[in-house]
1. Where in the range 218-295 are there strands (runs of 3 or more DSSP E), lying fully within it, with 2 or more residues that are within 20 Å of I310 (Cα to Cα) and hydrophobic (A, V, I, L, M, F, W, C)?
2. Being farther than 20 Å from G97 by Cβ, in contact with a helix residue (DSSP H, G or I) (Cβ under 9 Å, 6 or more places away or on another chain) and either free of Cβ contacts under 8 Å to residues at least 24 places away in the same chain or surrounded by 17 or more Cβ atoms within 10 Å (Cβ to Cβ) (or both), is that true of even one residue in the range 64-80?
3. Consider D169 carefully, then state whether it is charged (D, E, K, R) and either under 15 Å from the mean Cα position of the chain (by Cα) or outside the structural domain of A81 (by TED's automatic domain parsing) (or both).
4. Starting from the range 22-34, take each residue that is at positive phi and not assigned by TED's automatic domain parsing to the domain that holds I69 and list its partners that are outside any loop (DSSP other than H, G, I, E, B) and among the aromatic types (F, W, Y), counting only C-beta distances under 7 angstrom and pairs at least six apart or across chains.
5. Could you tell me how many of the residues in the range 154-204 are surrounded by 17 or more Cβ atoms within 10 Å (Cβ to Cβ), of a type in the set (S, T, N, Q) and touching a residue at least 60 places away in the same chain (Cβ under 8 Å)?
6. Would you check if there is a residue in the range 205-222 being among the polar types (S, T, N, Q), surrounded by 15 or more Cβ atoms within 10 Å (Cβ to Cβ), in the same structural domain as V21 (by TED's automatic domain parsing) and at pLDDT 95 or above?
7. Within the range 26-37, is even one residue surrounded by 13 or more Cβ atoms within 10 Å (Cβ to Cβ) and under 28 Å from I142 (Cα atoms)?
8. When you go through (1) out of contact with any Leu (no Cβ under 8 Å at 6 or more places or on another chain); (2) surrounded by 13 or more Cβ atoms within 10 Å (Cβ to Cβ); (3) closer than 25 Å to A156 by Cα one by one for L291, which number turns out not to apply?
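The values are calculated or read from the model by the stated rules, or taken from the named source; none is laboratory data. Here the structure is a predicted model, which is why all the values come from computation and not from measurement. Cβ: placed from backbone, ideal geometry, glycine included. Neighbour counts: every protein chain shown.
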Amino acid sequence: MGTPEYAVPSLEKLVEQGYVVQAVVTQPDRPKGRGRKLVSPPVKEAAEGFGLPILQPEKASSREFCDIIQRLGPDLLIVVAFGQILRKALLNIPRWGSLNIHASLLPEYRGAAPIQWAVINDERETGLTAMRMDEGLDTGPILFQEAVSIGPDETAGQLHDRLSHLSGDVLIKTLECLRTHRLVETAQDHSQATYAPKIDRGMSRVAWTRSARSISALIRGLDPWPGAVTLAGGQEIKLFSARVEETDGLDAPGKHIPGRVTGRFADGLLVETAEGLVRIRELQAPGRRRLPASEFLRGFPIDEGMVLGI
């Protein structure tokens with residue numbers, strides 16, 4: 001989840017700790033919404049608040065932009081959720097090289113969506129890695145790592161927010177160790193690498209024939225975007241904020257009908273799976289906003305016994 005918001009805490013920490021920020025580089029303003037009004041990235045807004053110079057190249061590895069950075073002569077290039085592939089010509093300009101904060105414990109979950117995939121795969125731990133950048137996809141040597149546990153009900157959005165705030169602290173720790181020559185670079189074991197490709201809507205449909213644990217992880221991993229989907233009475237709805245229902249072994253897996261609604265409660269729909277029960281606490285109808293289950297069910301008919309997904 002490489003959102004621009006992820007980089008804001010790191011910028012704030014740099015300024016707070018008194019580091020000299022020569023320029024903040026971020027994506028160009030983009031049109032958004034129905035009116036297609038130009039909107040600035042959050043990093044630009046934060047930089048403006050600190051009165052910092054801002055650069056917004058279309059291609060950060062272009063010769064023209066590399067010349068600009070060369071003239072600035074920075075000690076270090078810090079990259080957080082930038083969203084462009086950076087070439088060697090740019091990465092090698094600073095005398096201390098280029099540093100990236102990546103939202104996984106590398107070499108696990110290289111790629112665009114490490115936070116979502118860690119949740120989807122029901123991991124119990126992830127973290128942040130500060131690495132020296134090379135031209136590969138998150139392949140550079142590791143400088144510093146900090147592990148973070150993933151809560152059993154935590155969504156990708158919630159984990160993203162936690163890691164974004166922690167990233168600023170990890171950056172400062174890394175810079176202090178770098179400044180005092182206390183860092184030991186460690187090459188990644190590429191044979192242990194796993195990948196976290198971009199999330200797309202094609203993976204959103206819930207297969208109720210899977211286990212409750214697997215389904216809960218998928219729904220949480222796609223929360224808030226793009227949202228897991230299923231059919232209810234022929235209409236496609238989105239599901240959010242799931243958790244595995246603890247039954248102390250009293251439910252009877254052999255009698256389950258995957259996708260059958262077995263309970264309607266103020267705090268969620270209880271749905272049968274191939275193995276266990278999952279509680280869905282928030283839902284969204286087409287063209288409507290996301291709602292707690294108690295509000296959603298007042299306007300959308302989902303009765304006990306209905307089988308979702310058909």
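1. Values: elements: 228-232, 235-245, 261-265, 268-272, 277-284.
Fully inside the range 218-295 and qualifying: 228-232, 235-245, 268-272, 277-284.
2. Checked against the condition, which is being farther than 20 Å from G97 by Cβ, in contact with a helix residue (DSSP H, G or I) (Cβ under 9 Å, 6 or more places away or on another chain) and either free of Cβ contacts under 8 Å to residues at least 24 places away in the same chain or surrounded by 17 or more Cβ atoms within 10 Å (Cβ to Cβ) (or both), the range 64-80 yields no hits at all.
3. no
4. Close Cβ pairs (under 7 Å, with a partner that is outside any loop (DSSP other than H, G, I, E, B) and among the aromatic types (F, W, Y)) do not exist here.
5. Going through the range 154-204 one residue at a time, the tally reaches 5.
6. Checking the range 205-222: not a single residue is among the polar types (S, T, N, Q), surrounded by 15 or more Cβ atoms within 10 Å (Cβ to Cβ), in the same structural domain as V21 (by TED's automatic domain parsing) and at pLDDT 95 or above.
7. Taking every residue of the range 26-37 in turn, at least one turns out to be surrounded by 13 or more Cβ atoms within 10 Å (Cβ to Cβ) and under 28 Å from I142 (Cα atoms).
8. Going through the list (1) out of contact with any Leu (no Cβ under 8 Å at 6 or more places or on another chain); (2) surrounded by 13 or more Cβ atoms within 10 Å (Cβ to Cβ); (3) closer than 25 Å to A156 by Cα, L291 breaks only (1).
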